[in-house]
Amino acid sequence: MTAFLKSKSLVTETEYDGTEKAFDQTLVTGNSQVNELNSAAYSAKETNAGVYDETKTFYSDSQQGYNSVDTKLVIQPITLTLVNSKTYDGTTNTKGTIGFTGKIGNDDVSLVDGSVTGGIYADKNVGANKAVTYTIADSTLGGTNKANYILTVKGTGTITPKAITASFAEISKVYDGTINDVDENGAAVTSRTG
């Protein structure tokens, strides 16, 4: 019988979390077409985001031919969330430092200077975890672990209340044994409005 070549692609997809990931071997053992490839599937453990694959060609006695199996491990980068905090100023513009959350452990990842040029809050009012649309450049992240992360323009921000200082005009009167205020003419006033 003439040998033939059949191709099969098996993919395990997961998300970066700083721990080792491995190809799901049950995709091989549970597949009748490639169940003779048990020891040949991609077996290395990987940590960083990326696509890791290995192609094996083997002869199948049961199928009387050659099979080609591509076993692939895909680790997707995770998204960092841009954040900002400012004091209420009546505008929707971000102010001060823009940072991010979502980094895993002690990973070395940072924003490149000038990579995030600002952002716009959904509204100007005080509140926490408000939606903010940021403006980011093409090259946004630095550090040895930057390939494990991505940034999007959708982030969050917090607007805190603005403190105000009140001042009052001084009032003086001649002691009269009461706690009553006096008007502009020095007459006793028991209440004031306005």
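The values are calculated or read from the model by the stated rules, or taken from the named source; none is laboratory data. None of these values were measured; they are calculated from a predicted model. A quick note on method: Cβ atoms are made from the backbone with ideal geometry, for glycine too, and the neighbour counts reach across all protein chains shown. The accessibility values were calculated without ligands, DNA or RNA, using every heavy atom of the protein model including side chains. Shrake-Rupley method; radii C 1.70, N 1.55, O 1.52, S 1.80 Å.
Below, the figures for the structure above:
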{"item": "Neighbours by Cβ (under 9 Å, 6+ apart or cross-chain): first from the range 1-20, under 14 Å from G50 (Cβ atoms) and in a strand (DSSP E or B); second open to solvent by 70 Å² or more (accessible area, probe 1.4 Å) and modelled with pLDDT of 80 or more", "result": "V11/D53; E13/Q76; T14/Q76; E15/Q76"}
{"item": "Leading residue by the ranking (modelled with the highest pLDDT) among those in the range 139-189 that are of a type in the set (D, E) and open to solvent by 80 Å² or more (accessible area, probe 1.4 Å)", "result": "E170"}
{"item": "Subset of the range 91-131 [under 16 Å from the mean Cα position of the chain (by Cα) and in contact (Cβ under 8 Å) with a residue 60 or more places away in the chain]", "result": "I104, G105, D107"}
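For every residue, the table says whether it meets (1) in contact with a Leu (Cβ under 9 Å, 6 or more places away or on another chain); (2) modelled with pLDDT of 75 or more; (3) acidic (D, E); (4) surrounded by 16 or more Cβ atoms within 10 Å (Cβ to Cβ).
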{"site": "T12", "(1), (2), (3), (4)": "yes, yes, no, yes"}
{"site": "A22", "(1), (2), (3), (4)": "yes, yes, no, no"}
{"site": "A40", "(1), (2), (3), (4)": "no, no, no, yes"}
{"site": "N48", "(1), (2), (3), (4)": "no, yes, no, no"}
{"site": "T87", "(1), (2), (3), (4)": "no, yes, no, no"}
{"site": "N93", "(1), (2), (3), (4)": "no, yes, no, no"}
{"site": "D108", "(1), (2), (3), (4)": "no, yes, yes, no"}
